[in-house]
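J.: Starting off with a structure, shown below.
Laboratory data are not the source of any read-out in this text; all were calculated from the coordinates shown. None of the values given here were measured: they were computed from a predicted structure. Here the Cβ positions follow ideal geometry from the backbone for every residue, glycine too, while neighbour counts run over all protein chains shown.
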Amino acid sequence: MFLYAFSDIVYHKSMNFLHTFEPQPVWLSFGPLTIRWYGLFIVVGVLAALFVALYLAKRRKINPDQIYDLSVGLVVAGILGARLYEVLFINPGYYWRNPLAIIKIWQGGLAIHGAIIGGLIFLAWFSRRRKISFWQLADLLATVLPLGQAIGRWGNYFNQELFGRPTDSFIGIYISPANRPLEFKTEKYFHPAFLYESILNLALFLMLFFLYRAGHIKRGWIVAFYLIGYSIIRFLMEFVRIDPTPEWWGLRLPQWVSLLIVLVVGGGWFYFYRKKERR
């Protein structure tokens, strides 16, 4: 009886909070200094990923100075790649009409597929210049990347963006009228797509973390697991999300990209496995 009453109280309290709390994009404002939740969560996500990467690098006897040097370039390349992908492929019409908005990354609009592409390009250049194994570093980064994503997604909540379809369930979050799509202006509560993806990314991180730490896996496999795992997560999440993006034959652009990644990585994996088996 007590447990039932307690769970009922928790249910109603959580429902009331999610249905009434309206997050604001600014965390702290002091004179000309403004710190936004979006940027704060990105920084926290990067630092958390860096901390775990240093821990794992120590176990594999990788020079921590290389990780520090790599992390700075990866952040810059990732942000540039994420923004360019958003501008060129996700919402080009908006940025064509509002070119100054391109530099306003604090308002959101960072595509993870672009960040991955930008990060891979920089990693290839870095590993070649430093004469370090590309796959050794790529496996390490692929392990910690979903942790950074899981934390960074909370910035979308405070920006009131990337939410899902309308819902009346207790987990629905309140979205202010200014941030609702025109076709859903009369709706109040929407699926917290950011939360779903954050939880799934955290689960992916834990799986990759224990695989990497165990050390009984060949180079390049962690990267493959990450690309396939996150592509599946993103493919499923796009059925919930309603933010604008190009669509073809009932599937959104990120879903097509995710399918392509799964086919390419899975096909390459199968090819090399069969090739080794023949040998």
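J.: What distance in nm separates the two pseudo spin-label positions at residue 19 and residue 88, each 7 Å out from Cα along the beta-carbon direction?
T.: Placing both labels 7 Å along Cα→Cβ, they lie 4.6 nm apart.
J.: Using only Cα atoms, find the angle between the long axis of helix 253-278 and the longest principal axis of the chain, and express it within 0 to 90 degrees, rounded to the nearest 10.
T.: Taking Cα atoms only, the helix is inclined about 30 degrees.
J.: With 10 angstrom as the radius, rank 191, 216 by how many other C-beta atoms surround their C-beta, starting from the fewest.
T.: With the sparsest Cβ surroundings first, the list reads 216, 191.
J.: Suppose R0 equals 45 Å; then what is the FRET efficiency for residue 185 and residue 221 from their Cβ-Cβ distance, rounded to the nearest 0.05? Provide the component values of the computation, followed by the final result.
T.: Details: r = 47 Å, r/R0 = 1.05.
It comes to 0.40.
J.: Continuing with the same structure: Pull out the extension gain between residue 253 and residue 210, defined as 0.36 nm times the separation in residues minus the alpha carbon to alpha carbon distance; nm, one decimal.
T.: Stretched fully, the residue 253-residue 210 segment lengthens by 12.3 nm.
J.: Also, quick follow-up: What is the angle, in °, between the Cα long axis of helix 2-20 and the longest principal axis of the Cα atoms in the chain? Nearest 10 is fine, range 0 to 90.
T.: Approximately 90 degrees, to the nearest ten.
J.: Right, another one. Taking the chain as a Gaussian network, Cα atoms linked when under 10 Å apart, which of 250, 45, 164 shows the biggest mean-square fluctuation?
T.: 250
J.: Enumerate the residues in region 32-67 having an amide nitrogen under 18 Å from the point lying 7 Å beyond the Cα of residue 130 toward its Cβ.
T.: 46-67
J.: Within region 53-107, which trypsin sites (Lys or Arg not before Pro) sit in a loop by DSSP and count at most 12 neighbouring Cβ atoms inside 10 Å? Intermediate results must be reported in sequence, preceding the final value.
T.: Working: sites: 58, 59, 60, 61, 83, 97, 104; in loops: 60, 61, 104.
Passing both the DSSP loop test and the Cβ count: 60, 61, 104.
J.: Roughly how many nanometres apart are two label points built 7 Å out from the Cα toward the Cβ at residue 239 and residue 60?
T.: 3.4
J.: Counting only chymotrypsin sites (Phe, Trp or Tyr not before Pro) that sit in a DSSP loop (anything but H, G, I, E, B) with at most 11 other Cβ atoms within 10 Å, what is the longest stretch of the chain containing none of them?
T.: With chymotrypsin sites (Phe, Trp or Tyr not before Pro) excluded where exposed in loops, the chain gives 22-248 as its longest stretch.
J.: Let me ask another. Could you tell me how many degrees, from 0 to 90 and to the nearest 10, lie between the Cα long axis of helix 134-152 and the main elongation axis, the longest principal axis, of the Cα atoms of the chain?
T.: Helix 134-152 sits roughly 10 degrees off the main axis of the chain.
J.: Now for a different question. Straight distance only, please: which aspartates and glutamates reach the Cα of residue 185 with their own Cα at less than 20 Å, same-chain residues fewer than 8 apart left out?
T.: Straight-line reach from residue 185, under 20 Å: 22, 161, 168, 243.
J.: Right, next: Does region 24-125 classify as rounded, prolate or oblate by the C-alpha gyration tensor (a ≥ b ≥ c root eigenvalues; a/c under 1.5 gives rounded; else a/b over b/c gives prolate, otherwise oblate)?
T.: oblate
J.: So what is the relative contact order for the chain, in percent, with contacts set as C-alpha pairs under 8 Å and at least six apart?
T.: Across the chain, relative contact order equals 20 percent.
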